[in-house]
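The values are calculated or read from the model by the stated rules, or taken from the named source; none is laboratory data. Please read all numbers here as calculations on a predicted model, not as lab measurements. Note that each Cβ is placed from the backbone with ideal geometry, even for glycine, and that neighbours are counted across all protein chains shown.
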Amino acid sequence: MEFDVKEYNSVVLGALLHDVGKLLHRGNDDYKYSDSHEAASAKFINKFLRILKNDNLYDIELIRMLVQYHDTKIKKETTLNDPYFLDRSEEQRKRLWKLITVVRRADSYSCAERDTENAWANRTLPLDSIFSYINLNSKEALEENSCKYNLNQFNPKACFPKPVDNLTAPEILEIIKQFENSIPDFSRFKNFDDVLNKWLNLIEEYMWSVPSDTRYKTGVSDISLYDHLRSSAAIAACLYKRHIAAIEELKSMSRTEEFILIGGDFSGIQDYIFDITNRGSGGASKRLRARSFFIYLFSEVTIHKILHALDLPIVCNLFSTGGKFLLLAPNIKGADNILQRVKTEIEEEIHKTYFNQFSFLMSWMPIEGFREEFKVYSFFKTAEEMFYKLETEKIHKSQNVLAVAQEKKWNPEAFKATEMYEAYQGNSDCKICGKGPATYEEKDKDEQGRPVKCCFICYRDKLFIGQQLPKCNYIAFGKGNVTKEEEDEGKKIVIFHNEKDGGVEKKDHYYVELLEDYRDKEEYYLIYDIGNGSEKADLTRSIPIKKYYANHIPVDDNKKVLSFEEIAMLSRWKKDDKVYGSDLLGVLKADVDNLGLIFSKGFENPSRVEAELPDIDRKTVSRFLTLSRMFELFFTGWIGEVMSLAYKDKVTEELLRIDGIEKESFKDYLGGEQIDFGNIYTVYSGGDDLVLVGPWETMIIFSVYLNQQFRKYTCNNKFITLSAGLTFVKPKHPIASAIKQADELLNKSKKRRKNRVTLFGTTVKWEKIPELINFFLFLNEKLNVENPIIKPAFLHRILEYHRMALRFLDKGNIEGLKYISNLSYDIARNIIKREADGRIKDGKEEYITLQKLIGNKPDKKSLIYNVKIPVYWALYRNRKNL
């Protein structure tokens, strides 16, 4: 049976473009009078036919026919009367109908919510934020809100929702104009993958904020058209391959077990990333960033390797973040064997090269009835089942390389690590990680001026990834032969080495090149654009896919990367020619609370409107993609931009909107040069978590800003929150150890019912932060007046009263209650200055504010309970720096 590649490409592209009319018929005179969005999609193809057609790669007339008749409400008789069907044989007409059925089925599987009351969509209705409908409480219906998106080009700043009721005609017309002006001449393209990548870029950029459907009875339109089109293309690709025999033989296309869902998870990656020593020639930060980035690369290339083995397009990657992924594949003969082979190859690479310092889990399962399991309410359950299977895989990890499957026993030879043992001959342990033979010598010396011997992995991490990453704008993924010299010199970062059979190389290497400037090679099969430059519009091959990757690091005026010592010094400030401030680093670790629960249960509970409707449940593959993509965008796109662009005025404006903040004092404080997010060093940010390092005081403000903006980004939904841990260390403290400390503080925040931050050894709800900031601002101001009444010694006594209060409030020790009388006496004796007649001369303002430490009654809500945060903040800030 001959596979018709051109027809297959046409079906995939037809599914990807089938709903572009949902944007176009909203405003442009060429489309808005179309009878339907299907007709608008077809008119678009006819309008740009000259530059859209590419007879070598696909049939543009077939694509036009597929988009025009993809709606199941259009009768077969109407479809067969289209001119495209004229002068066709009966067999050809039947085959074409099969192709239409594939696209129709892909459309309905992707976004099966068809409970509509209006045939005509509301063309000015904006996209609802998907976050506004997350509900984890079955007993509580969410209040309705107007958390929606303007019609903008895709970028992190534009992805914050606003109270928008309707889109305006000018913004609709403008986005259509921009979209049409961005369409290249596809007739010049030589490779279908480049065509697909270019369309993915265009559709995401201009259609991310277009609702997939605005006809629902619920009035909810929270699925992005981009995600619907992308998943439709993935499903169509799988359906075509699954039913190729039925298409060829004009037989019925059974809906039973049409698909395989493939899940992958990298386990132990946190230990691998952070388990390095602080010995060597420095550069621990580079190594950490390099290892984090390498895991990202390894995960991406693993996905590519699986898709290549199954000959599937990139759109079949449904979800990938944080080392986890879900792929969709057709359930075809031989798929099990292919997946088992690829799984073994991946495990062998990890075993041979990294000796299982991290592990890869992979599982797959057929989807018995897509119409049932991917029905409105079931995709999340299917995904949850897959992730459960991956958890059970942990007890079997690495068995493919450590055991003889046929004999069901361990393979002793696999445990010997023969190649590694041979490399140890005449070499000691790596001075950096201590887990490999020290066969390489770093160019830099250690603090004693001695050469540092290390393993190739640590050598590569620092020299080839850590140093190149700050300048990297493109990630080029290649497949081909890589010589040992090319790998040793860092020209190519090998992810998967090829195999040899009797000395003959069987497979190409999978490798990566980090590029500052765009370039093309025949071996490149994919390029990611992770820079901030404009897209190269004239490209017709190796089209980069736009990806956001938080990659900011602070540099000096000469573009030299700042050391941690230099970053810590940025906390200093001057007054009267004297220097103040502690040279400390702040290490922040934060992540989203209850992420698994949000994905698995977040859409089970209806809004107030939906609660009145029968059998409404809103889980679809498109919604899954939209939710995961929007989380990813915040931690990769927004985080990267807020640091690299460092728009301080905007940050100040936003921070002053925090409820309860004393605005004038806070504004004066934020005006200082030491609060600059451009000074923050990115160790990792992506998926749903981050690790950042910066000047300690900047990191306090950034953590507050991070939570404020995350709440805004997620519509202030009370079920979507962040937890964080922030530790402070000296710049020479081992950074890996500091990150572990921050992780422990994050776990402390999680254990205290989440939605909290832990710093200075104190865990507080985010909502308590404004009160603590205000008290810090008060202390900071009073410490800096001429002839201050409040002095550092008094702040240290406040800390003692705080410890007394904790003994009572946490342990029930009655002796601790003395903090009230002791503090009151201290204030009266040392803060208030009276005239001879008893009238207060000085200290009245201080007295009134300090009374907040006592409060109406001793409880954990009182300021004294959390006062350690503002007191230490004030002490560290006002410490004289000699």
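Observations on the structure shown:
- Single match in Asp659, Asp668, Asp649, Asp689 (criterion: among the charged types (D, E, K, R) and within 20 Å of Leu759 (Cα to Cα)): Asp689
- The residue of region 199-224 that is surrounded by the most Cβ atoms within 10 Å (Cβ to Cβ), among those that are in a loop (DSSP other than H, G, I, E, B) and modelled with pLDDT of 90 or more, is Val210.
- Filter result for the condition that a residue is surrounded by fewer than 16 Cβ atoms within 10 Å (Cβ to Cβ), touching a strand residue (DSSP E or B) at 6+ places or on another chain (Cβ under 9 Å) and in contact (Cβ under 8 Å) with a residue 40 or more places away in the chain, over Lys852, Lys833, Lys868: Lys833
- Selection from region 291-339 of residues that are under 23 Å from Ile269 (Cβ atoms) and either outside the structural domain of Ile493 (by TED's automatic domain parsing) or polar (S, T, N, Q) (or both): Ser292, Ser299, Thr302, Asn317, Ser320, Thr321
- Region 70-84, residues that are of a type outside the set (S, T, N, Q), in contact (Cβ under 8 Å) with a residue 12 or more places away in the chain and part of a helix (DSSP H, G or I): Lys76, Leu80, Tyr84
- Reported count of residues in region 156-185, each being within 17 Å of Pro211 (Cβ to Cβ), among the β-branched types (Val, Ile, Thr) and either surrounded by fewer than 16 Cβ atoms within 10 Å (Cβ to Cβ) or assigned by TED's automatic domain parsing to the domain that holds Gln709 (or both), is 1.
- Set Tyr713, Tyr647, Tyr705, Tyr681: member being farther than 27 Å from Ile269 by Cβ and in contact (Cβ under 8 Å) with a residue 40 or more places away in the chain: Tyr705
- For region 730-776, the candidate set comprises residues that are within 27 Å of the chain's Cα centre (by Cα) and of a type in the set (Val, Ile, Thr); within that set, the residue that is surrounded by the most Cβ atoms within 10 Å (Cβ to Cβ) is Val757.
- Inspection of region 435-442 finds no residue satisfying the criterion of being at pLDDT below 80 and either over 29 Å from Ile276 (Cβ atoms) or of a type outside the set (Asp, Glu) (or both).
- Among the residues of region 147-196, the ones that are over 30 Å from Tyr713 (Cα atoms) and of a type in the set (Lys, Arg) come to 2 in all.
- Criterion applied to Leu229, Leu239, Leu196 was being assigned by TED's automatic domain parsing to the domain that holds Gly21, over 30 Å from Ile134 (Cβ atoms) and crowded, with 24+ Cβ neighbours inside 10 Å, and the one residue passing it is Leu239.
Condition check ((1) of a type in the set (Phe, Trp, Tyr); (2) in contact with a strand residue (DSSP E or B) (Cβ under 7 Å, 6 or more places away or on another chain)) across all residues:
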{"position": "Trp208", "(1), (2)": "yes, yes"}
{"position": "Arg230", "(1), (2)": "no, no"}
{"position": "Leu239", "(1), (2)": "no, yes"}
{"position": "Glu248", "(1), (2)": "no, no"}
{"position": "Phe259", "(1), (2)": "yes, yes"}
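- Enumeration of residues in region 73-97 that are among the hydrophobic types (A, V, I, L, M, F, W, C), within 44 Å of the chain's Cα centre (by Cα) and closer than 16 Å to Ala42 by Cα: Ile74
- Region 10-69 - residue that is among the charged types (D, E, K, R) and part of a helix (DSSP H, G or I) and, of those, surrounded by the fewest Cβ atoms within 10 Å (Cβ to Cβ): Arg50
- Of all residues assigned to region 723-743, at least one qualifies as being of a type in the set (S, T, N, Q) and in contact with a helix residue (DSSP H, G or I) (Cβ under 7 Å, 6 or more places away or on another chain).
- Restricting attention to region 799-821, the residues that are farther than 16 Å from Val871 by Cβ and either in a helix (DSSP H, G or I) or touching a residue at least 12 places away in the same chain (Cβ under 8 Å) (or both) total 12.
- For the condition acidic (Asp, Glu), assigned to a helix (DSSP H, G or I) and either modelled with pLDDT under 90 or assigned by TED's automatic domain parsing to the domain that holds Ser737 (or both), Glu610 qualifies.
- Of all the criteria given as (1) in the same structural domain as Val342 (by TED's automatic domain parsing); (2) surrounded by fewer than 21 Cβ atoms within 10 Å (Cβ to Cβ), the one not satisfied by Ile262 is (2).
- If only residues of region 352-374 that are surrounded by fewer than 21 Cβ atoms within 10 Å (Cβ to Cβ), at pLDDT 85 or above and not polar (S, T, N, Q) are counted, the one that is nearest to Phe325 (Cα to Cα) is Trp364.
- Count of region 777-798 residues which are in a loop (DSSP other than H, G, I, E, B) and either buried (at least 21 other Cβ atoms within 10 Å of the Cβ) or in contact with a Pro (Cβ under 8 Å, 6 or more places away or on another chain) (or both): 1
- The residues in region 529-546 that are modelled with pLDDT of 90 or more and out of contact with any helix residue (DSSP H, G or I) (no Cβ under 8 Å at 6 or more places or on another chain) can be counted, and the count is 2.
- Criterion (at pLDDT below 95 and within 49 Å of the chain's Cα centre (by Cα)) met by exactly one of Leu799, Leu853, Leu779: Leu853
- Matching option when the condition is touching a Ser or Thr at 6+ places or on another chain (Cβ under 8 Å) and more than 24 Å from Tyr31 (Cβ to Cβ), among Asn166, Asn155, Asn150, Asn135: Asn135
- For Ile814: the one exception among (1) exposed (fewer than 13 other Cβ atoms within 10 Å of the Cβ); (2) farther than 30 Å from Gly586 by Cα; (3) under 45 Å from the mean Cα position of the chain (by Cα): (3)
- Checked against (1) touching a Leu at 6+ places or on another chain (Cβ under 9 Å); (2) in contact (Cβ under 8 Å) with a residue 40 or more places away in the chain, Gly686 passes all but a single condition, namely (1).
- Flag if Thr439 is closer than 17 Å to Lys352 by Cβ and among the polar types (S, T, N, Q): yes
- Single residue of Ala736, Ala742 found to be modelled with pLDDT under 95 and in a helix (DSSP H, G or I): Ala736
- Only a single item in (1) without any contact (Cβ under 8 Å) to a residue 40 or more places away in the chain; (2) assigned by TED's automatic domain parsing to the domain that holds Thr849; (3) acidic (Asp, Glu) is not met by Glu781, and it is number (1).
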